[in-house]
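Q: Encoded as structure tokens, here's the structure I'll be asking about.
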Amino acid sequence: MTDERFLQGLKTAGELFPPREDGESPRFSYPPEIADDWNALSISTVMGDVWSRPGLPKTQRAMLTIAAMTVLDKPEQLKAYITAALNLGVTRHEVCEVIMQMAVYGGFPAAIQGLGAANEVFESRDSSEG
């Protein structure tokens, strides 16, 4: 069972975070003592169990995750999931609308931080494309 979850998680993660032109996939940094175990756990659980469920399209899951990372003030994870959302076909305007709505529920400071993170992702994509 774990192997199936992990393999499904890898497939889903590949859709959200495809390798860049240099062949590298975006990664977070973890202590080497637990990196392999943490990656197996997070890929199996987050990507294999949750993101692979049929109940919501991945685009909606991405927008929900953007909302959560915005109100939780998690800028690095927010940037990663903004990138994932764009990779899945969510538009820049939709990303901004999700973050703007979070001003009402998570506060204006959280939304300001979130819009700054979105702008960083947009600028980075623009500079790598052009």
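The values are calculated or read from the model by the stated rules, or taken from the named source; none is laboratory data. Nothing here was measured: the structure is a model prediction, and the numbers come from that model. Reconstructed Cβ throughout: ideal geometry from the backbone, glycine too, with neighbour counts over all protein chains shown.
Q: Could you tell me whether the stretch 86-93 includes any residue that is under 19 Å from Ser128 (Cβ atoms), in contact with an Asp or Glu (Cβ under 8 Å, 6 or more places away or on another chain) and assigned by TED's automatic domain parsing to the domain that holds Glu129?
A: yes
Q: Right, here's the next one. Show me the helices (runs of 4 or more DSSP H) found entirely inside the stretch 32-130 where at least 2 residues are closer than 20 Å to Arg5 by Cβ.
A: 35-42, 58-71
Matching residues to (1) under 28 Å from Glu129 (Cα atoms); (2) surrounded by 13 or more Cβ atoms within 10 Å (Cβ to Cβ):
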position: Arg5; (1), (2): no, yes
position: Thr12; (1), (2): yes, yes
position: Trp38; (1), (2): no, yes
position: Pro57; (1), (2): yes, no
position: Ile66; (1), (2): yes, yes
position: Val95; (1), (2): yes, yes
position: Val98; (1), (2): yes, yes
position: Ala103; (1), (2): no, yes
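Q: Report every pair of residues separated by at least 6 positions or lying on different chains whose Cβ atoms are under 8 Å apart, first residue within the stretch 102-125 and acidic (Asp, Glu), second assigned to a helix (DSSP H, G or I).
A: So the pair list comes out as Glu120/Lys79.
Q: Tell me which residues, restricted to the stretch 8-23, are modelled with pLDDT of 90 or more and either acidic (Asp, Glu) or in contact with a Leu (Cβ under 9 Å, 6 or more places away or on another chain) (or both).
A: Glu15, Leu16
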